[in-house]
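Quick notes on the structure that follows.
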Amino acid sequence: MSFIRRQHDQQQAGFTLLEAMIALMIVAMALPALVTLVMTQLDGSGAIRDKTYAYWVAENQLTRIRLLQQQKMQKRLVDYKVPEKDSGVVDLAGFRWQWQQKTIAMDTLPVPGFKRIEIAVRLLGVADGPTLGRTIVDNDKPAMALLTGYISDPEFTQQLQ
């Protein structure tokens, strides 16, 4: 009987089956919420990345126009004029982007020759893969990036000097 008595006198270590099942139930309820939160954060960071790339495409196009204007001022490009409307497709960071440019003359200013350039950029798809079914600008879909810049026409600038 002393053997039986010793077993009852010792303290039990660990969790009971009921405690373990309750802990597993709590973890099972909290884990899907945590996974949903992480997926939402990852999706948001992808959207920020795409928007950043879209603005880079727009800034590249505006810089291209400014460089062409500068070459016109230096008489390297004699007959270059900024088009009223222009568009194109460019690959950047593994994605294919379509940009649209619109030039608006600012006739209401007291100084002639200033133009406003508006550039809209939309995502077409992966650069080496399918273009998500779009090969032309989808005007119904909002642009990922809208950039406005201002330039002066070199012909008017040289007349003022």
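Can you work out which of the residues in segment 60-118 that are among the hydroxyl-bearing types (S, T, Y) and exposed (fewer than 15 other Cβ atoms within 10 Å of the Cβ) is nearest to G46 (Cα to Cα)? Give the derivation first.
Residues of segment 60-118 among the hydroxyl-bearing types (S, T, Y): 63, 80, 87, 103, 108.
If we keep only those that are exposed (fewer than 15 other Cβ atoms within 10 Å of the Cβ) too, we end up with 63, 80, 108.
Details: T63: 26, Y80: 39, T108: 41 Å.
For segment 60-118, the residue satisfying everything is T63.
So which residues in segment 97-131 are polar (S, T, N, Q) and either within 15 Å of R64 (Cβ to Cβ) or modelled with pLDDT of 90 or more (or both), if there are any at all? Explain how you work it out, then say what you get.
First, pick out the residues of segment 97-131 that are polar (S, T, N, Q): 98, 100-101, 103, 108, 131.
Passing the criteria: Q98, Q100, Q101, T103.
Residue-wise test of (1) modelled with pLDDT under 90; (2) in contact with a Phe, Trp or Tyr (Cβ under 7 Å, 6 or more places away or on another chain); (3) among the polar types (S, T, N, Q).
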{"site": "T16", "(1), (2), (3)": "yes, no, yes"}
{"site": "I22", "(1), (2), (3)": "no, no, no"}
{"site": "L31", "(1), (2), (3)": "no, no, no"}
{"site": "T36", "(1), (2), (3)": "yes, no, yes"}
{"site": "M39", "(1), (2), (3)": "yes, no, no"}
{"site": "A54", "(1), (2), (3)": "no, yes, no"}
{"site": "V57", "(1), (2), (3)": "no, yes, no"}
{"site": "L92", "(1), (2), (3)": "no, yes, no"}
{"site": "F95", "(1), (2), (3)": "yes, yes, no"}
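If you go through segment 90-119 one residue at a time, how many are of a type in the set (V, I, T), more than 23 Å from the chain's Cα centre (by Cα) and assigned to a strand (DSSP E or B)?
Step one: list which residues in segment 90-119 are of a type in the set (V, I, T), which gives 90, 103-104, 108, 111, 117, 119.
Keeping just the survivors that are more than 23 Å from the chain's Cα centre (by Cα) gives 103-104, 108, 111.
Those left that are additionally assigned to a strand (DSSP E or B): 103-104.
Summing the residues that are of a type in the set (V, I, T), more than 23 Å from the chain's Cα centre (by Cα) and assigned to a strand (DSSP E or B) in segment 90-119 gives 2.
The values are calculated or read from the model by the stated rules, or taken from the named source; none is laboratory data. This one's a predicted model, so the numbers in the text were calculated from it and none came from an experiment. Note: ideal-geometry Cβ built from the backbone for every residue, glycine included; neighbour counts use all protein chains shown.
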